[in-house]
1. With the structure loaded, tell me whether residue 107 is outside any strand (DSSP E or B) and without any contact (Cβ under 8 Å) to a residue 60 or more places away in the chain or whether it fails that test.
2. For residue 59, work out the one condition from (1) free of Cβ contacts under 8 Å to residues at least 24 places away in the same chain; (2) part of a helix (DSSP H, G or I); (3) in contact with a strand residue (DSSP E or B) (Cβ under 9 Å, 6 or more places away or on another chain) it doesn't fulfil.
3. From (1) under 19 Å from the mean Cα position of the chain (by Cα); (2) surrounded by fewer than 19 Cβ atoms within 10 Å (Cβ to Cβ), pick out the condition that doesn't hold for residue 166.
4. For the condition surrounded by fewer than 23 Cβ atoms within 10 Å (Cβ to Cβ) and in contact (Cβ under 8 Å) with a residue 12 or more places away in the chain, what is the one hit in 373, 408?
5. Would you call residue 350 touching a residue at least 12 places away in the same chain (Cβ under 8 Å), touching a helix residue (DSSP H, G or I) at 6+ places or on another chain (Cβ under 8 Å) and at positive phi?
6. What's the number of the condition residue 389 fails, among (1) over 19 Å from residue 350 (Cβ atoms); (2) under 26 Å from the mean Cα position of the chain (by Cα)?
7. Looking at the structure I just gave you, is residue 139 surrounded by 22 or more Cβ atoms within 10 Å (Cβ to Cβ), assigned by TED's automatic domain parsing to the domain that holds residue 87 and more than 25 Å from residue 180 (Cβ to Cβ)?
8. Out of 365, 390, 426, which single residue is surrounded by fewer than 23 Cβ atoms within 10 Å (Cβ to Cβ), touching a helix residue (DSSP H, G or I) at 6+ places or on another chain (Cβ under 6 Å) and in the same structural domain as residue 277 (by TED's automatic domain parsing)?
């Protein structure tokens with residue numbers, strides 16, 4: 001197969017997705033757009049297979065700067081493959097949709113993410129980094145409601161800001177080192193710290209995460225699936241490439257793994273609940289990058305790979321529920337297994353994968369991170385991750401499945417999801433099970449070779465204990481009616497600070513600015529009036545220059561000027 005595709009050797013898969021997205025955006029024909037949604041990822045996958053040898057391709061020499069647009073190595077290969085796969089699965093899932101904006105944006109967004117993964121230099125990374133921001137925002141704007149428009153603007157501002165910070169750090173880095181290469185960066189310099197901040201904005205670091213639960217619930221049903229796949233996982237790749245082994249990431253990741261529990265429990269919006277669960281999942285990956293080493297980076301890569309798939313599956317389920325019921329409020333749903341049994345089955349598979357049940361993909365990936373943390377003697381981090389795994393993921397994901405399809409029957413009777421949606425969910429669900437059972441297929445594509453068996457008796461028994469403990473806590477919470485809360489609640493997250501104080505400061509600044517401009521306007525108006533009056537008095541028909549001067553006075557001034565001219569001419573050098 002590789003020989004048959006040899007003509008694609010060295011061609012970046014990103015261009016197939018971006019070109020397909022541009023054509024889909026420009027095409028008024030729905031049939032052509034749907035074909036492009038499938039052909040774009042297929043072409044990208046063929047290019048991925050064709051370029052078997054690791055190396056640098058697509059080099060553009062600009063003199064002082066050399067751009068490496070396609071660097072294929074063991075690390076970039078993992079993320080590129082899962083991005084292409086999920087792009088195809090999303091294309092299948094979205095076949096029922098007829099939105100030209102989201103069709104084109106989804107493909108360009110996927111292509112930009114693949115391009116960023118393959119970037120060998122910081123300028124190429126910046127270009128694709130910003131393209132992911134610009135291409136993903138339409139997935140929120142397409143909803144068209146004022147709430148979605150505001151959330152889209154906030155999302156776009158944060159994503160563009162991340163790119164600006166990245167470019168600033170890269171410029172400082174290049175001035176200090178003389179190189180734009182995107183390799184290990186570290187936190188030994190201000191340039192590295194600035195770029196860590198840029199990556200942290202997209203990865204959902206604590207205090208920088210607010211855009212994620214704000215924007216994802218406002219996107220279209222298809223859009224939230226696409227959003228869950230690329231931006232945050234791209235940031236994890238950037239951290240693995242530039243900051244592997246930086247122990248500060250262990251602390252950051254642990255906070256990410258723990259703090260979403262309260263928000264996930266109290267939210268009445270199921271997509272927002274999943275968004276907080278996603279932050280928890282990202283926390284595990286950030287810890288793995290901080291631990292570093294072959295096992296730590298393999299754990300981060302494995303969790304990114306399977307996490308893209310099973311979180312997309314969960315968002316696919318909610319997209320189908322939203323399409324049929326028009327709501328994703330916990331207080332409005334329940335008993336949907338009677339109307340949507342197939343979708344409920346896929347939800348259960350996705351949930352089992354997320355919580356890391358044995359025989360599902362989450363288990364074989366998460367044990368790598370726990371083992372890496374344990375072998376590196378970060379015992380306190382290991383303990384926190386174990387409890388975070390049982391607490392956040394079970395309480396949030398089980399909440400999604402239980403209150404949507406089971407729980408109190410609200411009498412909602414709707415049609416099952418469209419068959420194309422089921423096909424997309426089936427592909428994702430198959431991978432969740434396949435990679436959990438045939439874990440060597442996953443381990444075989446990881447960046448570093450290793451001998452590791454996840455199905456040790458101690459690992460399986462320990463995970464089953466965690467699952468049963470989580471189920472017990474979930475059952476007790478239901479019994480004592482600790483959740484769900486009835487109706488919507490205002491969740492005060494970090495964004496409350498800039499929405500409350502930032503908005504007040506902006507309004508005060510605007511009012512003070514208006515007063516200043518008014519004062520300046522009045523001052524200028526008065527000055528202009530005075531100057532205009534004096535000019536009128538000087539040049540008007542009745543002005544000073546129009547008056548007759550005595551002839552003797554005119555003669556005197558003429559003589560003085562002539563004398564001046566003579567003196568200048570006399571003393572000038574010949």
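1. Values: outside any strand (DSSP E or B): yes; without any contact (Cβ under 8 Å) to a residue 60 or more places away in the chain: no.
So residue 107 does not fit the description; no.
2. In the conditions (1) free of Cβ contacts under 8 Å to residues at least 24 places away in the same chain; (2) part of a helix (DSSP H, G or I); (3) in contact with a strand residue (DSSP E or B) (Cβ under 9 Å, 6 or more places away or on another chain), residue 59 misses (2) alone.
3. Evaluating residue 166 over (1) under 19 Å from the mean Cα position of the chain (by Cα); (2) surrounded by fewer than 19 Cβ atoms within 10 Å (Cβ to Cβ) leaves (2) as the failure.
4. On the way: 373 fails: surrounded by fewer than 23 Cβ atoms within 10 Å (Cβ to Cβ).
The conditions single out 408.
5. In short, no.
6. The failed condition is (1).
7. Working: surrounded by 22 or more Cβ atoms within 10 Å (Cβ to Cβ): yes; assigned by TED's automatic domain parsing to the domain that holds residue 87: yes; more than 25 Å from residue 180 (Cβ to Cβ): yes.
Answer is yes for this residue.
8. Details: 365 fails: surrounded by fewer than 23 Cβ atoms within 10 Å (Cβ to Cβ); 426 fails: touching a helix residue (DSSP H, G or I) at 6+ places or on another chain (Cβ under 6 Å).
The match here is 390.
The values are calculated or read from the model by the stated rules, or taken from the named source; none is laboratory data. Only a predicted model underlies this, so the values are computations on that prediction, with no experimental measurement involved. Note that each Cβ is placed from the backbone with ideal geometry, even for glycine, and that neighbours are counted across all protein chains shown.
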